[in-house]
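These notes are about the structure you will find just below.
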Amino acid sequence: MIYNLNGNLILIEKDFLVVECSGVGYKCVCSKRTVNLLQGKINQKINLFTYLKTGENILDLFGFFEINELNFFKVLISISGVGPKAGLAILSEFSPEQIANIISSNGLMLTKAAGIGKKTAERIVLELKDKFKMKIYENLFEKSENLEEAVKALEILGYQKKITLPILSKLDESLPVEKLIKLFLNSIK
């Protein structure tokens, strides 16, 4: 896996860049945002975070100026029906921060991206809302070991995180693990 390229930018085109590393030029398909951020940097040293897509007779390298754009690209292409081309189209139209705001407000704005129709936009919103909620709940673990232990214990009992986290996140995270579990079980009766 190629995680990043650090070398001289030798070519900028509309939707790709070429970065030379140790005498080898790597073509990286990029969002318009990344291309625009690197305008005027020809023959300068740059760093691109990359994603390598492999398949039968396919080796496509995608490049991103910022790590959060790469991470968002990976999330987008993990959604059923959203491939690299659609992921780049969305990231060409919107920054990751804008996409997060769109998901929480008016998801149909995603149709402004080339090739993204209403059904695809709705699917993206549906899947990303769940992923964003889970990420927010999982970030609570950084604050509370008790909360994390309660989730693990409830998983052993057969409860999924998507059920336990929303309920436990509303409770006082400083409570003992046993109390958190008891309050969770009482709340689902």
Seminar exercise, completed: Note on region 84-100: residues modelled with pLDDT under 90 and either of a type in the set (Phe, Trp, Tyr) or touching a helix residue (DSSP H, G or I) at 6+ places or on another chain (Cβ under 6 Å) (or both) are 96
Seminar exercise, completed: Within region 141-151, restricting to residues that are assigned to a helix (DSSP H, G or I) and open to solvent by 30 Å² or more (accessible area, probe 1.4 Å), the one that is modelled with the highest pLDDT is 149
For this session: Evaluate region 157-176: report whether one residue or more is part of a helix (DSSP H, G or I), without any contact (Cβ under 8 Å) to a residue 12 or more places away in the chain and either among the small types (Gly, Ala, Ser) or out of contact with any Leu (no Cβ under 9 Å at 6 or more places or on another chain) (or both).
Result: no
Exercise. Does region 121-131 contain any residue that is assigned to a helix (DSSP H, G or I) and more than 30 Å from residue 169 (Cβ to Cβ)?
Worked result: no
Exercise. Out of curiosity, is residue 70 closer than 21 Å to residue 14 by Cβ, modelled with pLDDT of 90 or more and either open to solvent by 20 Å² or more (accessible area, probe 1.4 Å) or assigned to a helix (DSSP H, G or I) (or both)?
Worked result: yes
Seminar exercise, completed: Considering region 6-41, residues that are open to solvent by less than 70 Å² (accessible area, probe 1.4 Å) and in a loop (DSSP other than H, G, I, E, B), and then whichever is nearest to residue 73 (Cα to Cα), we arrive at 31
Exercise. Failed condition for residue 98, given (1) surrounded by fewer than 19 Cβ atoms within 10 Å (Cβ to Cβ); (2) in a loop (DSSP other than H, G, I, E, B); (3) under 14 Å from the mean Cα position of the chain (by Cα), with all others met?
Worked result: (2)
Problem set entry | Hits in region 42-62 (condition: part of a strand (DSSP E or B), open to solvent by 90 Å² or more (accessible area, probe 1.4 Å) and either modelled with pLDDT of 95 or more or under 13 Å from residue 18 (Cα atoms) (or both)) | 45
Problem set entry | Qualifying residue in region 40-48 (condition: in contact with a helix residue (DSSP H, G or I) (Cβ under 7 Å, 6 or more places away or on another chain) and without any contact (Cβ under 8 Å) to a residue 40 or more places away in the chain) | no
For this session: Within region 101-114, work out how many residues are surrounded by fewer than 19 Cβ atoms within 10 Å (Cβ to Cβ) and either at pLDDT 80 or above or touching a Pro at 6+ places or on another chain (Cβ under 6 Å) (or both).
Result: 6
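The values are calculated or read from the model by the stated rules, or taken from the named source; none is laboratory data. Quick caveat: nothing in here was measured; it's all calculated off a predicted structure. Neighbour counts run over all protein chains shown; Cβ positions are idealised from the backbone, glycine included. Ligands, DNA and RNA are excluded from the accessible area calculation, which covers all protein heavy atoms including side chains. Shrake-Rupley method; radii C 1.70, N 1.55, O 1.52, S 1.80 Å.
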